[in-house]
Amino acid sequence: MNVSIIGTGYVGLTTGACLAFLGHKVTCVDADENKVKALQAGEIPFYEPYLADLVSGASNNLKFTLDYAAAIPQSQVVFIAVGTPPGANGAPDLRYLEAAARGIGEHLSNEFTVVVNKSTVPIGSGNWVGALVRDAYEKRSGGKSNGAFAVASNPEFLREGSAIFDSLYPDRIVVGCAEARTAEVLYSLYRPLVDQDFQAPAFLARPEGLGAVPLIATDLASAELVKYAANAFLALKISYINEIGALAGKVGADIGQVAKGIGLDARIGTRFLQAGIGWGGSCFGKDTSALVATAAEYGLDAQIVKAARDVNQRQRERVVEKLLGELKILKGRTIGLLGLAFKPNTDDLREAPAIDIAKKLIERGARVKAHDPVAAERFKKENPSIEVTVCPTPEGVFRDSDAVVLVTEWPEYRELDWDGLRPTMRSAIVLDGRNLLDRAAMEKAGYRFLALAS
Ligand code: UGA
């Protein structure tokens, strides 16, 4: 099929590359000239494992352009995958979505086209996008748009850092639309994913035992709510284990064992029960905030979601409190941070706990040094006003520090020469914010070892 994707961020570029890999003819449209030029030259504008391999492997089926006219008229399916960054009052900023909908309407052909919303949008946006596309189409063509297009919602469940895996081997595909005809177009598009009959790429094997992937067809509002409800549930699962973690610390329980013990109940599940500093990133914060705002618009108080947000914010404060409890005075101290990205395997720094923690420490007069294997340069570029000394190696973070905090669980941090690093510190205090390290081994190596759940 011929497919266009508007927006070449994580979701748009990953979707485009995966659909091209599955054999569709994909044209990606973006308004950013530099980004389009870079993509045309084979450069990926952000770090995502395997994305470069997929883009280069599927290059015969993949084009990049600034021009809607070069993409939309010949497409049977047009995805909107533009950013919906947080705006005022917790509601997302929809200006890019609006521009994309108008651009699509101005360039639609008379052939039936499915316009698919993949951006995370407030409930009801599908109808709004439909109205914008219709207005723009009718203004341009002077005629009625009946039958020219239909709008669908197809929420994305990929995680940064495992975006390709999640896209090729999803748990489910959700498609929301009003008519069976629209769902059928999307079923045809996704058939290789549903049947899992494509040849897996050499670098990313299909998980053993993965059978057919369920495709759930719903109405528009349900698909839109699925996205928010899924992200909010994952977010509150994390906050829940962090709340239990704080109690585990008080009663002398091991939160890792507690998480395992409850997670093996199939009704609960083991995933997203990793206790620590809590969630960051562009999704959970924004989506829980939008869900609370939407509920309020309908006179509802989303109390559980609000509580999950509060617990998450509290985890960041607990890092500072733990250090304060240990060092008594933070003014003039040097604190090292291991990890800047909001999680491993990405260079994304949006709502990264490390940034918040660094700011809180600096406010209290501490000096902050930090390392990240991938996100360091991006941090410097995006945060020139935060006075953090970025170290090219993890060793630099330890040198003359009063304490080191493990903020992002990059696996290489587990493998550091912990014995050798201890004497380079002013005081050998380590706060493991992600439960990555082994307490007994750290204590044996001579560290005063702190964890959030202790
Ligand atoms: C999240 C969802 O997992 C995806 O399904 C969804 O598509 C995406 O948002 C989105 O809406 O676009 P993402 O934010 O990329 O994906 O990353 P996650 O792997 O979900 O991690 C989010 C945060 O939670 C990270 O800061 C991570 O460190 C933290 N986390 C995760 C925990 O603290 N504990 C856990 O057990 C799991």
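The values are calculated or read from the model by the stated rules, or taken from the named source; none is laboratory data. Bear in mind that the values here come from a model prediction, so they are computed numbers and not experimental data. We place every Cβ from the backbone using ideal geometry, glycine too, and count neighbours over all the protein chains shown. Accessible surface is based on the protein model in full, side chains and every heavy atom, while ligands, DNA and RNA are left aside. Shrake-Rupley method; radii C 1.70, N 1.55, O 1.52, S 1.80 Å.
Worth a mention:
- Test result for Leu416, in contact with a Pro (Cβ under 9 Å, 6 or more places away or on another chain), assigned to a loop (DSSP other than H, G, I, E, B) and at pLDDT 95 or above: yes
- Residue check: Pro411 meets all listed conditions (1) under 24 Å from Lys359 (Cα atoms); (2) loosely packed, with under 12 Cβ neighbours inside 10 Å but one, namely (1).
- Against the numbered list (1) over 24 Å from the mean Cα position of the chain (by Cα); (2) within 16 Å of the ligand (Cβ to nearest atom); (3) not small (Gly, Ala, Ser), Asn2 comes up short only at (2).
- Top-ranked residue of the stretch 279-312 - restricted to ones that are over 21 Å from Tyr10 (Cβ atoms) and assigned to a loop (DSSP other than H, G, I, E, B), ranked as nearest to the ligand (Cβ to nearest atom): Ala302
- Among the conditions (1) assigned to a loop (DSSP other than H, G, I, E, B); (2) open to solvent by 40 Å² or more (accessible area, probe 1.4 Å); (3) not acidic (Asp, Glu), Phe46 misses just one, which is (2).
- Look at the stretch 333-356: where a residue is under 19 Å from Lys369 (Cβ atoms) and a partner is open to solvent by less than 20 Å² (accessible area, probe 1.4 Å) and among the polar types (S, T, N, Q), sitting 6+ places away or on another chain with Cβ atoms under 6 Å, you get Thr334/Ser401; Gly336/Ser401; Gly339/Thr408; Ala341/Thr408.
- Hey, Ser153 within 16 Å of the ligand (Cβ to nearest atom) and open to solvent by 20 Å² or more (accessible area, probe 1.4 Å) or not: no
- Selected residue (only one of Ala69, Ala20, Ala81 is assigned by TED's automatic domain parsing to the domain that holds Ala205, of a type outside the set (Phe, Trp, Tyr) and surrounded by fewer than 22 Cβ atoms within 10 Å (Cβ to Cβ)): Ala69
- Residues satisfying the stated conditions in the stretch 65-112, i.e. touching a Gly at 6+ places or on another chain (Cβ under 6 Å) and hydroxyl-bearing (Ser, Thr, Tyr): Tyr68, Tyr96
- Any hit, the stretch 332-348, residues being more than 9 Å from the ligand (Cβ to nearest atom), part of a helix (DSSP H, G or I) and either open to solvent by less than 30 Å² (accessible area, probe 1.4 Å) or of a type in the set (Gly, Ala, Ser) (or both): no
- Residues of the stretch 352-382 classified as in contact with a strand residue (DSSP E or B) (Cβ under 9 Å, 6 or more places away or on another chain) and of a type in the set (Asp, Glu), total: 2
- Within the stretch 110-147, if we keep just the residues that are surrounded by fewer than 15 Cβ atoms within 10 Å (Cβ to Cβ), on the phi < 0 side of the Ramachandran plot and outside any helix (DSSP H, G or I), the residue that is nearest to the chain's Cα centre (by Cα) turns out to be Phe112.
- Condition check for Ala212: touching a residue at least 12 places away in the same chain (Cβ under 8 Å), open to solvent by 50 Å² or more (accessible area, probe 1.4 Å) and away from the ligand (no atom under 15 Å from the Cβ): yes
- Taking the stretch 407-446 as the range and being of a type in the set (Ser, Thr, Tyr) and under 27 Å from Asn312 (Cα atoms) as the test, the residues that pass are Thr408, Tyr413.
- One residue stands out in the stretch 164-209 among those that are touching a helix residue (DSSP H, G or I) at 6+ places or on another chain (Cβ under 8 Å) and part of a helix (DSSP H, G or I): the one that is surrounded by the most Cβ atoms within 10 Å (Cβ to Cβ), namely Leu168.
- Looking across the stretch 232-279, the residues that are closer than 20 Å to Ile304 by Cα, surrounded by 19 or more Cβ atoms within 10 Å (Cβ to Cβ) and of a type in the set (Val, Ile, Thr) come down to Ile238, Ile241, Ile277.
- Selection count, the stretch 266-278, where residues are without any contact (Cβ under 8 Å) to a residue 60 or more places away in the chain, more than 6 Å from the ligand (Cβ to nearest atom) and either in the same structural domain as Phe342 (by TED's automatic domain parsing) or not charged (D, E, K, R) (or both): 4
- Filter result (open to solvent by 20 Å² or more (accessible area, probe 1.4 Å) and within 14 Å of the ligand (Cβ to nearest atom)) within the stretch 215-226: Leu225, Val226
- Options Ala403, Ala428, Ala440, Ala375: the member that is open to solvent by 50 Å² or more (accessible area, probe 1.4 Å) and small (Gly, Ala, Ser): Ala440
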